[in-house]
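These notes are about the structure you will find just below.
The values are calculated or read from the model by the stated rules, or taken from the named source; none is laboratory data. No experiment lies behind these values; they were computed from the predicted model shown. With ideal geometry, Cβ positions are generated from the backbone for all residues, glycine too; neighbour counts draw on all protein chains shown. These accessible areas exclude ligands, DNA and RNA; they are computed on the full protein's heavy atoms, side chains included. Shrake-Rupley method; radii C 1.70, N 1.55, O 1.52, S 1.80 Å.
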Amino acid sequence: MKVLVVDVGGSHVKVLISGQRVPRTLVSGPKMTARQMASGVKKIVGDWKYDVVSIGIPAPVLRDRPVAEPHNLGGGWVGFDFTAAFGCHVKIVNDAAMQALGSFRRGKMLFLGFGTGLGSAFIVDGIVEPMELGHLPYKKGTYESYVGNAALEKQGKKKWRRHVADIVERLTAALEPDEVVLGGGNARHLKKLPPKCRLGDNSNAFRGGFRLWEPKQVIGRPVEAHDEAGKGKG
């Protein structure tokens, strides 16, 4: 079965099909609608034949349906018929949950994605729980307003790193994970990792998308970490 994974971010959409190694990319941005995303993806993968699709989007998702519009994209995501748009069975999850699933090894794992915003997910006893920690109150704003991409550009790396360290410490103390995976495009700007942390890789989003179609790899149900999931990328 050929799985097409679509990782939707605030600045780019990245896609990869099982059996290929090199992702393809298109620009997203604050005006991109769900219809534009589907149309754009189908254009850049026209020569790829796929059976099913996994989509990770930066918004809350319930039963393969977005329940709120993404903060950093255009509208039209809630209620959009993704199955009709792609012409096959589609599974939709929160983008942080998809990357967390691809990063998971064992035990309790907190995933924090530092990109356009702050994505988050928690895996406990093999069950993936997407979270919206980025929108919790922090100082004069929210966690996301202090460690999102806009904050990095405004504050500079030094102050941004201090806020990242403080937020990771707070969330680690509250949730008590065995390990914390720091992912997203801006995680590379961290010089020193906080305790219990390891760097993730954006390619883990593709691994997570492939895992969604394995019998025991379902959001909200137990998952098992094993190396076979990574082989889908070729």
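Restricting the stretch 122-138 to residues that are out of contact with any helix residue (DSSP H, G or I) (no Cβ under 8 Å at 6 or more places or on another chain) and free of Cβ contacts under 8 Å to residues at least 60 places away in the same chain leaves a set whose member that is least open to solvent (accessible area, probe 1.4 Å) is 124.
Being open to solvent by 10 Å² or more (accessible area, probe 1.4 Å) and within 13 Å of the chain's Cα centre (by Cα) narrows it down to one residue among 119, 141, 107, 156; which is it? Steps first, answer last, please.
Details: 141 fails: within 13 Å of the chain's Cα centre (by Cα); 107 fails: within 13 Å of the chain's Cα centre (by Cα); 156 fails: within 13 Å of the chain's Cα centre (by Cα).
None of the other options fit; the residue is 119.
Please enumerate the residues belonging to the stretch 1-23 that are more than 17 Å from residue 52 (Cα to Cα) and hydrophobic (A, V, I, L, M, F, W, C). Selection gives 13, 22. For the stretch 13-56, the set of residues classified as assigned to a strand (DSSP E or B) and open to solvent by 80 Å² or more (accessible area, probe 1.4 Å) consists of 27 only.
All of 97, 84 fail the test of being of a type in the set (A, V, I, L, M, F, W, C) and within 24 Å of residue 151 (Cα to Cα), apart from 97.
Taking first residues from the stretch 187-202 that are under 19 Å from residue 95 (Cβ atoms) and partners that are open to solvent by 50 Å² or more (accessible area, probe 1.4 Å) and in a strand (DSSP E or B), the Cβ contacts under 6 Å between residues at least 6 apart in sequence or on separate chains come to 187/199.
When the stretch 1-11 is filtered for residues that are surrounded by fewer than 18 Cβ atoms within 10 Å (Cβ to Cβ) and either within 16 Å of the chain's Cα centre (by Cα) or among the basic types (Lys, Arg) (or both), the ones remaining, listed by number, are 2, 11.
Within the stretch 69-84, the set of residues being free of Cβ contacts under 8 Å to residues at least 12 places away in the same chain, out of contact with any strand residue (DSSP E or B) (no Cβ under 9 Å at 6 or more places or on another chain) and not acidic (Asp, Glu) comprises 84 only. In the set 75, 79, only one residue is on the phi > 0 side of the Ramachandran plot and open to solvent by 10 Å² or more (accessible area, probe 1.4 Å); that residue is 79.
Evaluated against (1) farther than 26 Å from residue 51 by Cα; (2) crowded, with 19+ Cβ neighbours inside 10 Å; (3) at pLDDT below 95, residue 229 falls short on exactly one condition, (1). Check off (1) touching a Cys at 6+ places or on another chain (Cβ under 7 Å); (2) part of a loop (DSSP other than H, G, I, E, B) for residue 68 and give me the number that stays unchecked. All conditions are met except number (1).
Checked against the criterion of being under 20 Å from residue 10 (Cα atoms) and open to solvent by 70 Å² or more (accessible area, probe 1.4 Å), the stretch 82-96 contains not a single residue that satisfies it.
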